[in-house]
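Chemist: Below you'll find the structure I mean.
The values are calculated or read from the model by the stated rules, or taken from the named source; none is laboratory data. Everything numeric in this text was worked out from a predicted model, so none of it was measured. Because the Cβ atoms are built from the backbone with ideal geometry, glycine has one as well, and the counts that use them run over all protein chains shown.
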Amino acid sequence: MKSALITGITGQDGAYLAQLLLGKGYKVHGLVRRSSTTDVNDVRLRWLGIAGDVNVIDGDLSDLSSLMRIVRAAQPDEVYNLGAQSFVKTSWQQPLLTGAITGLGCAAMLEAVRLEKPDAHFYQASSSEMYGMIQEPMQSETTPFYPRSPYAAAKLYGHWMTVNYRESFGMHASSGILFNHESPLRGIEFVTRKVTDGVAKIKLGMASELRLGNIDAKRDWGHARDYVKAMWLMLQQEAADDYVIATGRTVSVRDMCEIAFQHVGLPLEKHLVIDPELFRPAEVDVLLGNPAKAKAKLGWEPETSLEDMIREMVDADLARLSTGR
Ligand code: NAP
Ligand code: G4F
């Protein structure tokens, strides 16, 4: 039986990845940070019905000795470093914490693996945010980076550390440069989920407006369930490498909203309010990924359209709000 260690297992991607690996017969260990509300931090794992199937080990990405202890105990074949302060807007309010967890946390995890299980295959959750002020209309593995937020700068450090550990120590360390991916398990602060939750509340008479910031921003959105498959595929390759994971289609926040409102038969114009407070100090105007390398080398392709994903998210939020769960 293969074993895997996932940091960030309580997050959106961690939950879907754990489900995928359990389905493949892995023993799954998850690093979980201590919380005073342990009854809620496994909510996504419970939603997928797998909370009892993973081995949770306490630790924190800011604490190297805890990471070493966990890797020593779990002796994983594969390590997926998904833990991060992942909300871009918060990274301007907490830049040092973001650097410590999202950036240095990756270095700490690489060190723990190098010292305790150097033959483990390592995955780093890199991000399309690293392209920031885009240097090419369609971004690939060779497009230069231009980070536009403390979050993106921290991710860039983690990305290069992953490349560096591969080249310096011969570790099987891969970096997945994933473009935005969403699902019913997406945190409510991110724009797709904010929209699907807001639309569901308006439909159910629980709210009358949806307040958003820059609706002209464009993103390449895919489904998290599809994207965790790419993570796993990267670690099954003979040689470690870096891959862009994207759909190759970019859509504005406004047009994504339209899909959600249309799904429940409500007019967007009547309910949408633009709030200047929700604009960011620096914006990533547009992202569009080129997943050609992932298709050619991993045989990976996105399976879910943006339309189907947004409808799935609206339906999940309607069900959640109607049942109170
Ligand atoms: P998420 O839902 O925000 O999950 C983040 C996870 O990191 C949570 O499990 C969180 O634990 C954990 N974490 C935070 N601080 C930690 C710490 N100090 N020590 C240990 N764990 C900590 O993020 P996601 O959407 O699943 O994304 C997964 C990863 O991919 C992240 O690294 C993100 O930056 C990256 N990424 C995401 C996307 C995307 O579109 N989703 C795109 C590119 C890259 P708690 O539950 O305790 O908060
Ligand atoms: O949903 P978002 O907050 O995601 P963002 O900033 O693109 O970051 C996400 O994707 C990255 C990959 O590219 C990940 F690395 C990162 O961890 C995270 O998962 O915002 C998307 C866009 C932005 O341009 C933002 O300005 O939507 C715009 N937006 C407009 N109104 C809003 C809002 N975003 C949020 N969160 N809330 C709004 O009210």
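Chemist: Return the total of residues in the stretch 191-205 being free of Cβ contacts under 8 Å to residues at least 40 places away in the same chain and within 15 Å of ligand 1 (Cβ to nearest atom).
Modeler: Of the residues in the stretch 191-205, 1 are free of Cβ contacts under 8 Å to residues at least 40 places away in the same chain and within 15 Å of ligand 1 (Cβ to nearest atom).
Chemist: Now a separate question. Quickly run through the stretch 147-202 and pick out the residues that are surrounded by 22 or more Cβ atoms within 10 Å (Cβ to Cβ), outside any helix (DSSP H, G or I) and of a type in the set (D, E, K, R).
Modeler: Residues satisfying the conditions are GLU182, ARG186.
Chemist: Which number in (1) more than 16 Å from ligand 2 (Cβ to nearest atom); (2) at pLDDT 95 or above; (3) touching a Ser or Thr at 6+ places or on another chain (Cβ under 8 Å) marks the one condition that VAL56 misses?
Modeler: Of the numbered conditions (1) more than 16 Å from ligand 2 (Cβ to nearest atom); (2) at pLDDT 95 or above; (3) touching a Ser or Thr at 6+ places or on another chain (Cβ under 8 Å), the odd one out for VAL56 is (3).
Chemist: I need the full set of residues from the stretch 21-50 which are in a loop (DSSP other than H, G, I, E, B) and surrounded by 14 or more Cβ atoms within 10 Å (Cβ to Cβ), in order please.
Modeler: Those that are in a loop (DSSP other than H, G, I, E, B) and surrounded by 14 or more Cβ atoms within 10 Å (Cβ to Cβ): TYR26, ARG33, ASN41, ASP42, LEU48, ILE50.
Chemist: Among the residues of the stretch 157-166, is there at least one that is in contact (Cβ under 8 Å) with a residue 40 or more places away in the chain, out of contact with any helix residue (DSSP H, G or I) (no Cβ under 9 Å at 6 or more places or on another chain), more than 11 Å from ligand 2 (Cβ to nearest atom) and among the basic types (Lys, Arg)?
Modeler: yes
Chemist: For the stretch 70-127, how many residues are within 30 Å of ARG280 (Cβ to Cβ), part of a loop (DSSP other than H, G, I, E, B) and free of Cβ contacts under 8 Å to residues at least 60 places away in the same chain?
Modeler: 1
Chemist: If you don't mind, there's one more thing I want to ask. Within the bounds of the stretch 77-93, is there any residue that is surrounded by 20 or more Cβ atoms within 10 Å (Cβ to Cβ) and more than 11 Å from ligand 1 (Cβ to nearest atom)?
Modeler: Checked against the condition, which is being surrounded by 20 or more Cβ atoms within 10 Å (Cβ to Cβ) and more than 11 Å from ligand 1 (Cβ to nearest atom), the stretch 77-93 yields at least one hit.
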